[in-house]
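The values are calculated or read from the model by the stated rules, or taken from the named source; none is laboratory data. These numbers come from a predicted model, not from an experiment. Neighbour counts run over all protein chains shown; Cβ positions are idealised from the backbone, glycine included. All accessible areas refer to the heavy atoms of the entire protein, side chains included, with ligands and DNA or RNA removed. Shrake-Rupley method; radii C 1.70, N 1.55, O 1.52, S 1.80 Å.
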Amino acid sequence: ITYRNQKGERTTRVIAPLVLFISRGATYIRAYCYQRQEKCHFKLSRIEKITIMPDQFSEGLLFDESSNLDGFLGAFQAEPERVVLEVDGILHRHLEENPLHGSQKLRREKQRYFVELEVGVNEPLIHQLLGFGAHVRVLEPSYLANLLIERHTAALEFQQETVSEPEQLELPLGVEE
């Protein structure tokens, strides 16, 4: 790859890609760098050129990452980090029987319910949290809370474009009077 670092300096590197992940809104490649002889993170937006080489990388190197996969949630992998949520009682009961992740820890303090996770912040996690709607609040990390606010706001604005005047909806409940 031809890579431009934060200072704008260009280098050519030979890497063996291991994982593609999203962290703090940016996409990265975790790869073994033959120049540094260690695993490094490369921000995707700073890669200026990619050349596929005919070389075969050792299988031991590729399987070396498997021990870290428990920290990931879903197919879009990201480096695990601490996520703290506050949930209502209904969602808390649901999560007791249907954990979000193997690292999940539930706790109750007075009338408040908390969920702690050690997971990668990625699209599957974001979609899951968006689906919980008003039943969940992100306490940590703050950038995840802001991301959910942005996504909810964008969805609300998009939906409002299709509605000229809000009307009272009657949902069929399947109950005969």
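General remarks:
- A straight Cα-to-Cα reach below 27 Å connects residue 39 with the lysines 7, 49, residues fewer than 8 places away in its own chain not being considered.
- Among residues other than residue 15 with Cβ under 10 Å from its Cβ, the summed charge is +4 (Lys and Arg +1, Asp and Glu -1).
- For residue 116, the accessible surface of its heavy atoms amounts to roughly 50 Å² (probe 1.4 Å, protein chains only, rounded to the nearest 10).
- Only protein heavy atoms count here; under a 1.4 Å probe, residue 162 has an accessible surface of about 100 Å².
- When restricted to Cα atoms, segment 96-167 yields an Rg and a Dmax of 14.9, 45 Å, respectively.
- The tail of the calculated P(r) for segment 1-43 beyond 11 Å holds 65 percent of all Cα-Cα pairs.
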